[in-house]
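Some notes on the structure that comes next.
The values are calculated or read from the model by the stated rules, or taken from the named source; none is laboratory data. As the structure is a computational prediction, the values presented were derived from the model and not from experiment. Quick reminder, even Gly has a Cβ in these numbers, built from the backbone with ideal geometry, and neighbours come from all protein chains shown. What goes into the accessible areas is simple: the full protein's heavy atoms, side chains included, and nothing from ligands, DNA or RNA. Shrake-Rupley method; radii C 1.70, N 1.55, O 1.52, S 1.80 Å.
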Amino acid sequence: MQDFLLGNRSSLTEFILLGFSGNTKINVILFSVFLFLYLVTLLGNGLIITLIHKDSRLHTPMYFFLSVLSILDMGYVTTTVPQMLVHLVSKKKTISYVGCVAQMYIFLMLGITESWLFAIMAYDRYVAICHPLRYNVIMSPLLCGLMVAFCGFWGTSCALIYTVSAMILPYCGPNEINHFFCEVPAVLKLACADTSLNDQVDFILGFILLLVPLSLIIIVYINIFAAILRIRSSQGRLKAFSTCASHITVVTMFSIPCMVMYMRPGSEASPEEDKKLALFYNVISAFLNPIIYSLRNKDVKRAFLKVTGWGNAPE
């Protein structure tokens, strides 16, 4: 594999990641901010995984999917942030050609898997609200496992297409990537060849991997809201809606920036805007996910108090 990647298709053996700024003082501030966000992201998502594992009352499909989301988020930020932190305080900002390919593939694999997982989580909420009596029968452990495997299949296979289509192009210099990690649109700007075919591939895959899941989520929530409106008690409607609000917020934060990044032509991309978008759906989204899901969730609060022994959550 390494010989293929380093073959005649490219004369470069490494890339330089320009990151955010050449100002040392600004980089020190950015290092502190991103280190804080990274550690809190790992702590928050790790805590959610631990609580779901420890508390038997959280052994339900909804929390199973939430634990998978937390695992994906932890891997997602770990693929990019540690290297970014090193580059912020180091003069050497290089990444090997093979390392760049590996980072690109892992990042895409986790991101695509997460995109489809959001659709699965929406379906889970649909069954819980619209078919509550049959929820445990429909959302069996086998089906939940198959759904996650389906998401993983899309992630591993489509990330491979993205990565190979980008890295089979010749890269003969310059080798400076105006980004903080090896993301496809930023790397393609350095290709010594026409990338219009890659733009078409990115648009088609973006349609399949972003618009299709998002459309499914919208259809599911139209049905959910129709069912909520049929609930007679206002308290019941509020409770049903609150179970969906967190998911809708997280999907919006993740999907919209991803669509802007991967579905527009490369010629329209601005490096500085791309960095901000990537920060939003990579770092900020993973940081906020555990906060959004836990602050409004009595089950998670109750599990936290039980595991820590700090008291009992209100029933």
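Remarks
- Over the chain: helical MRE at 222 nm, DSSP H runs n ≥ 4 each giving -39500 (n - 2.57), nearest 500: -24000 deg cm²/dmol
- Debye, to nearest 20: dipole size of segment 104-208, +1 on Lys, Arg Cβ, -1 on Asp, Glu Cβ: 420
- In this simple spin-label approximation, Phe153 and Leu197 carry label points 7 Å from Cα along the Cα→Cβ vector, and these lie 2.8 nm apart.
- Shown here for segment 71-146: trypsin sites (Lys or Arg not before Pro) in loop regions (DSSP other than H, G, I, E, B) with at most 11 other Cβ atoms within 10 Å, namely Lys91, Lys92.
- Farthest positive-ward along the chain dipole, Cα basis, beta-carbon charges - from Phe280, Phe34, Ser233: Ser233
- Euclidean distance of C-alpha centroids, segment 169-225 and segment 104-126, integer Å: 15
- Cβ charges +1 (Lys, Arg) and -1 (Asp, Glu), total dipole of the chain, debye: 1320
- Label point of Val28 set 7 angstrom out along Cα-Cβ; within segment 79-116, amide nitrogens under 20 Å from it belong to 84-93.
- As a calculated quantity, the FRET efficiency between His53 and Glu14 at R0 = 30 Å, using C-beta atoms, amounts to about 0.15.
- Extension gain for Glu272-Asn136 works out to 44.3 nm (0.36 nm per residue, less the C-alpha to C-alpha distance).
- At a probe radius of 1.4 angstrom, the accessible area of the chain per residue rounds to 49 square angstrom.
- If you sort the three axes of the alpha carbon gyration tensor as a ≥ b ≥ c, you get a/c of 1.5 or more for segment 1-155 and a/b no higher than b/c, which makes it oblate.
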